[in-house]
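So the structure is just underneath, and the comments pick up after that.
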Amino acid sequence: MLKHLTGSEIVCEALIKEGVSVVFGIPGGAILPLYGVLSKYPALRHILTRHEQGAAHAADGYARSTGTVGVAFATSGPGATNLVTGLATAMMDSVPMVAITGQVGRAAIGTDAFQEADITGATMPVTKHNYLVMRADDLGRTVHEAFHIARTGRPGPVLIDIPKDVFIEMGEYDPDESIDLPGYSVPGMADEAQIDAAAALINQAERPVILAGHGVVLSRSFDELRELAEKAQIPVVTTLLGISSFPEDHVLSTGFPGMHGMAYASLAIDQADLIINFGSRFDDRIVGDAQRFSTGSKKIHVDIDPAEINKTIHVEAPVVGNIKDVFGQLLPKVKKTTHVEWLQHVEHLKAEHPSLRIPESDRLMGQHVVKALSDVTKGDAIITTGVGQHQMWAAQHYQFKNANSWLSSGGAGTMGYEVPSAIGAQVGNPDKLVWSICGDGGFQMTMMELATVVENRLPIKYAIMNNNHLGMITQWQSFFYDGDYQAETYTGNPDFVKLAEAYGIKGIRVTSQDELESAIREANAHEGPVVVDFVIEKVDDLYPMIPVGQSIEELIEDPN
Amino acid sequence: MAETANGTFQRTIAALVQDRPGVLARIAGLFRRRGFNIASLAVGRSERSGLSRMTFVVEGPEEVVRQVAAQLDRLIDVVEVHDITEQNIVWRELALIKVRANAGKRGEILELANIFRVNVIDIGVESLTMEISGGRQKIDSLIELLRKFGLEEVIRTGRVATLRGTLVEGEDDGLFQSDASKSTYTLPTATGESGSV
C-alpha cells in the first residue's frame, strides 16, 4: 500500500519494518527534522550518546552481540565525520550497521555551507556501500536496500546521507516494493566441485587444523563447527575474532594463534598438513611472513567474499559460500575419523608450551585481573575490549563459555571501542552480565559515554587496567626502539573512582591480588554500573610474541 | 597474462556499471587504496539504459592485478565484471596525433598515413592532425615515426575491448565473475531479522 509521508516519516517507518527497535545518536541542525518525528514512533528507542563515535561503536556492539543490524544517527559535517572511526571499525570486522546522517539542504550542497561535509565521499573506503538520497520518494527503497546490503553476504556498514529538505519533503513509500540490486548477489551454497575438493583434502589429512574466524560467529555456525570438529576429530584454533565460536573447555579447543596468541596454536598451524579456514581472512597478525606461513600444509579457505581468496595466502581449495551452508554441504561428505597421533601431539604442544603462565609477582598484574574475572563470572559474561595489552590478556585468560560473547576491535584495532561497545551489548542483552575490559588509554578516549550509561541505567561493569601507560606502546618501544620510551606514560590520569562517583557511578579501586575476587563479586552484585580501577603493574613483556612480519621461527615464548 | 617489459603484469578487465554519480569515484578510490595501477581506462554509456561500460587495463605484480576483478565485483554499483585477459578478445585504442607539417614535409607524412591506413582529419598551414585506431603497438610505432617531424600533441584514449563471437557460459572459473542474475529480496517483517536472498 502506497503511503504519502514526509521523508522523516518514511525513514522511521522503513526502520521499523526492518525490525529496528534501538538507535544510537546525537541530533544536530541538519537531522533535526528526523528527530522531529521520533515522538510519533515510540517503537524506535533513541539512545543519546555523548559523541558520535560512541553512537557508532554502540551500534556496532549492539549488532555484534545480537546479530541484528545496529543503527546510528548523526548530523551533517562534524557529526557525520565523527562516525568515521566507528564505521571503519565495523567495516574491518564485517559488522552489519546502518548509519543515517543529516546533510545540508540540497541547494547548499557543494557550496561549503555551514556544517557541510562530503560524507559519502569521505566514507567510501570505510563502508560496504553508501547513499546520498536526493528525493523523498527514494528514501524507503534506499533504507531497505541499505539493510539488505548491511546484513547479507559479508556484512558491513552502510551509510545513508539525507539532505535536511529531503527529510521535510513529502514522498511516496511503498513498504511492499521489492528492491532491485543487479550488482549485488549473495553467495549461499558453494559449488559442489569446491565442496568435493575440500572434503577430499579433509578426508586425506593426517594433521588437520581448523582455523575458525569471525565468519563462523557472523554466520552463527557454532553447532556446525563443533559437529565437524568432533566428527573428524580436528583441533580447532580460533582467530582473535573467532574467539567464543568454539567452547574453550572442549578438548579440541586449541587457543588463538598469531602475534600474541598461544604458542601451541601457532605451532599447530605451522606443523599441520591441512588448514581448514572457515571465515578468516588470513590477517597479517596471524600470518606474519606470508612466505613462511605454515609451508607444509595445504589450505582450504571457506569465505563468503570471493575477494578474500588468494588475497594474502595461496590456497589449494577455495570454497566460496555462506559458511553455514558450506558446513551443511561438507558435513555429510566428511568421514568420521580420528587423528590419534596428531591429537596426542597437539596435547603435547599444549603441555610443552602452556603460553598462559602468569608471571610470579606479589603485585597486581593484568593477567591476574582477567583470570579472576573469568573465574568469578565462570566465563559467563559478555566481554568487550579496546586494543592493546589489556585486549590480549582478555583474549588469553578469559575462558569463554558462551558463543558470541567476545566483542573486540580486531581489524581496525580501535582504542576506545571498549566503552561504547559495551553500551550496545548491554542494551541488546539487558539480562546478561557485560564486563568491559579497558585500557586506561582507551578508556579516556571514550569515557564521556559514562553519562550515556547512567542516563540509561545500564549495569555495565568497567574494568580499567590502569598502569598509567600505553602498555603495548611501551612494549614495542622496548623491543623495537631500543627502550627509547616516548609519549607512553600517562602522568595526568584522573582518579577513576572519583570520576565514576562524579557521574553517580559506583567506583572501586583494587591495588592488590587479595582484593581481586571480592571487588569483582561486589561489582557483579551491584545493581547499577560500576567502574573498577585495577591499579596494575606496568610491564613491557606480553608473551607469547611473534614480532610483526615474522614467523613461528621468531616466536618469543616466555624468556623469564 | 601479458608480462610487460619491466616485469609487471597486465590484465584487461571489462565491467558493466551503474550510470550514477560517484561511480567513477568509487572505482578510482578502490584502485587507489588497493594500490592497483590503471594503465588505461575507457568509459562510456552501454547498449543497456542506465548502465555504462568500462574497460580497464591494469598493471602491477601478478598477485596484485589478479585481485582487481574480485575487488571490483564487491562494489554494489558494479553489475558485472569480466577479467577478459586470457579470453579471445578484440580490442582497440584510438589516438589523435597533431604533427608539424609544412608544405615541404606534408607529402612524406601523408605517405606514412597511407601505409598505416590513418585518417587525416584536419590540415592547417603548419600542421596536420590524424586519427589512428588499432592496437597499442601500431599506435606506438606511428608516433615514433612521426616524432622526427615534431609532435605538437598526442591524445590517446584507453583501450576498449570485447569478446570475439559469443561467450560460452561456464568457461570461466566462476570465482571472480559476477553472477549477473538479479538479486531478489523480500522485505522482512517488523519482527523478523530474516530476509536474505
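The values are calculated or read from the model by the stated rules, or taken from the named source; none is laboratory data. What you see is a predicted model; the values in this text were computed from it and never measured. Cβ atoms come from the backbone with ideal geometry, glycine included; neighbour counts cover every protein chain shown. Heavy atoms of the whole protein, side chains included, go into the accessibility calculation; ligands, DNA and RNA do not. Shrake-Rupley method; radii C 1.70, N 1.55, O 1.52, S 1.80 Å.
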Based on the mean of other Cβ atoms within 10 Å per residue, sort peptides A:470-476, B:39-45 so the most packed one is first. A:470-476, B:39-45
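How much of the accessible area of chain A, in percent, comes from carbon and sulfur atoms when a 1.4 Å probe is used?
Values: 10040 of 19860 Å².
Whole-percent figure for carbon plus sulfur exposure: 51.
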Nearest-10 value in Å² for the accessible area of residue A:335, using the 1.4 Å probe: 130
Estimated distance in nm for a label pair at residue A:109 and residue A:344, the labels positioned 7 Å out from Cα along Cα-to-Cβ: 6.9
Rg ratio (alpha-carbon, reference 2.2 N^0.38 Å) - region B:90-156: 1.02
Quick one: if you stick a label point 7 Å off each Cα along the C-beta vector at residue A:518 and residue B:49, how many nm between them? 7.9
Summarise the partner chain shielding of B:17-27 as one whole number: the mean count of Cβ atoms from other chains within 10 Å of each residue's Cβ. 2
Can you list the chymotrypsin sites (Phe, Trp or Tyr not before Pro) in region A:41-143 that are in a DSSP coil and have 16 or fewer other beta carbons within 10 angstrom? A:114
Using a 1.4 angstrom probe on the protein heavy atoms only, could you order A:542, B:151 from most to least accessible area? B:151, A:542
Whole-Å distance, taken between Cα centres, linking region A:23-67 and region B:59-118: 50
Treating only the Cβ atoms of Lys and Arg (+1) and Asp and Glu (-1) as charged, compute the dipole magnitude of the protein assembly as shown about its Cα centre; round to the nearest 20 debye. 1400
Calculated FRET value between residue A:193 and residue A:335, using beta carbons and R₀ = 22 Å, to 0.05: 0.70
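From other protein chains only, count the Cβ atoms within 10 Å of every residue's Cβ in B:65-77, then give the mean.
5
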Inter-centroid distance (Cα atoms) of region A:86-102 relative to region A:445-479, Å: 22
Which value, in debye to the nearest 20, gives the size of the charge dipole of region A:366-535 about its Cα centre, when Lys and Arg are +1 and Asp and Glu are -1 at the Cβ? 440
For residue A:476 and residue A:227, what does the FRET efficiency come to when R0 = 41 Å and r is the distance between their Cβ atoms, rounded to the nearest 0.05? 0.50
For region B:90-156, dividing by residue count, accessible area per residue (probe 1.4 Å) in Å² works out to 60
Ranked highest first by average number of other Cβ atoms within 10 Å, how do A:432-441, A:268-277 line up? A:432-441, A:268-277
Buried accessible area between A and B (1.4 Å probe, both chains summed, ligands and nucleic acids excluded), in Å² to the nearest 100? 2900
Give me the one-decimal nm value for the distance between modelled label points at residue A:511 and residue B:111, 7 Å along each residue's Cα-to-Cβ direction. 10.0
Choose one of A:149, A:210, A:173: the residue whose Cα lies farthest towards the positive end of the charge dipole of region A:123-250 (beta-carbon charges +1 Lys, Arg; -1 Asp, Glu; about the Cα centre). A:210
About its Cα centre, what dipole magnitude does region A:447-508 give when the only charges are +1 on Lys and Arg Cβ and -1 on Asp and Glu Cβ, stated in debye to the nearest 20? 380
Please report, ordered by residue number, every helix of chain A (full DSSP H runs) that is 30 Å or longer along its axis going by C-alpha atoms and whose mean Kyte-Doolittle hydropathy reaches 1.0. none
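Calculate the FRET efficiency for residue B:126 and residue B:155 from the Cβ-Cβ distance with a Förster distance of 22 Å, rounded to the nearest 0.05.
Details: r = 18 Å, r/R0 = 0.84.
Working from the Cβ atoms, E equals 0.75.
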For peptide A:150-163, compute the average count of partner chain beta-carbon atoms within 10 Å of each residue's beta-carbon. 1
Using a probe of 1.4 angstrom, how much of the accessible area of region B:2-87 is carbon and sulfur, in percent? 48
Between residue A:178 and residue A:249, what is 0.36 nm times their sequence separation minus the Cα-Cα distance? Round to one decimal in nm. 21.0 nm
Residue span residue A:4 to residue A:495: 0.36 nm per residue of separation minus Cα-Cα distance leaves a gain in nm of 171.3 nm
Please list A:18, A:116 in order of solvent-accessible area, largest first, computed with a 1.4 Å probe with all protein chains present. A:116, A:18
Hits among lysines - C-alpha to C-alpha of residue A:371 under 18 Å, sequence gap 8 or more where chains match: A:401, A:461, A:538
